[in-house]
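I'd like to ask you about the structure that follows.
The values are calculated or read from the model by the stated rules, or taken from the named source; none is laboratory data. Quantities reported herein were computed from a predicted structural model and do not represent experimental measurements. Note that each Cβ is placed from the backbone with ideal geometry, even for glycine, and that neighbours are counted across all protein chains shown.
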Amino acid sequence: MKNNIKREKEYASMKKDDVVNAKQLTEKQKVFAMEFLKDFNATQACIRAGYSKKTARQIGSENLSKPVIAQYLQSLMDKRAEECELSAEYVLKNLKMVAERCMQTVAVRDAGGNDTGFFGSTVQEQTGLWSL
């Protein structure tokens, strides 16, 4: 009962234009899609949506191959990415920043912030990857 109320709120928060072909899906397929977005595991999404455990693997595969469900899932993922302000550009930009930070050589400091005279080395210097 509690999950149904939560799902109804999730559906209500979506604009009609944001959710492609939602009217063409059964309630169970809509629940499957919402559950699939939690862990991207079709079998578990089927089980949580109320499908039989015996047939969940097969139905999960079938559901993912149905164009109307695939479009619905894509619209849900797009909506979630938009709400999170998450894009491929953002991920790559931050990944680059992390990689550059991990590769820089920095002075090692003690708890008081004073230089110890040692320097941390980069992964390349430790592993000899510069020579590749």
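Table: residues versus (1) more than 17 Å from Thr26 (Cα to Cα); (2) among the hydrophobic types (A, V, I, L, M, F, W, C); (3) not assigned by TED's automatic domain parsing to the domain that holds Glu27.
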{"site": "Cys46", "(1), (2), (3)": "no, yes, no"}
{"site": "Gly50", "(1), (2), (3)": "no, no, no"}
{"site": "Lys54", "(1), (2), (3)": "yes, no, no"}
{"site": "Leu64", "(1), (2), (3)": "no, yes, no"}
{"site": "Gln71", "(1), (2), (3)": "no, no, no"}
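Still on this model: Quickly run through the stretch 99-132 and pick out the residues that are of a type outside the set (S, T, N, Q), surrounded by 10 or more Cβ atoms within 10 Å (Cβ to Cβ), within 34 Å of the chain's Cα centre (by Cα) and modelled with pLDDT of 65 or more.
If the condition is that a residue be of a type outside the set (S, T, N, Q), surrounded by 10 or more Cβ atoms within 10 Å (Cβ to Cβ), within 34 Å of the chain's Cα centre (by Cα) and modelled with pLDDT of 65 or more, then Ala99, Met103, Val106 are the ones that fit.
Just the residues that are surrounded by 12 or more Cβ atoms within 10 Å (Cβ to Cβ) and under 19 Å from Ala22 (Cα atoms), please, taken from the stretch 75-96.
Residues of the stretch 75-96 that are surrounded by 12 or more Cβ atoms within 10 Å (Cβ to Cβ), as a first pass: 75-79, 81, 90.
Selection gives Ser75, Leu76, Met77, Asp78, Lys79, Ala81.
May I ask you to list the residues in the stretch 38-93 that are of a type in the set (Ser, Thr, Tyr) and within 13 Å of the chain's Cα centre (by Cα)? First the steps, then the outcome.
So the first thing to find is which residues in the stretch 38-93 are of a type in the set (Ser, Thr, Tyr), and the list is 43, 51-52, 55, 61, 65, 72, 75, 87, 90.
Answer for the stretch 38-93, where residues must be of a type in the set (Ser, Thr, Tyr) and within 13 Å of the chain's Cα centre (by Cα): just Ser87.
Which residue pairs have Cβ atoms under 9 Å apart, sit 6 or more places apart or on different chains, and have a first residue in the stretch 59-83 that is at pLDDT 95 or above and a second that is exposed (fewer than 12 other Cβ atoms within 10 Å of the Cβ)?
Final answer for the pair search is Ile59/Ser52.
If you go through the stretch 34-50, how many residues are basic (Lys, Arg) and touching a residue at least 24 places away in the same chain (Cβ under 8 Å)? Quick ask: steps written out before the conclusion?
Of the residues in the stretch 34-50, the ones basic (Lys, Arg) are 38, 48.
Still in the running and touching a residue at least 24 places away in the same chain (Cβ under 8 Å): none.
Matching residues across the stretch 34-50 total 0.
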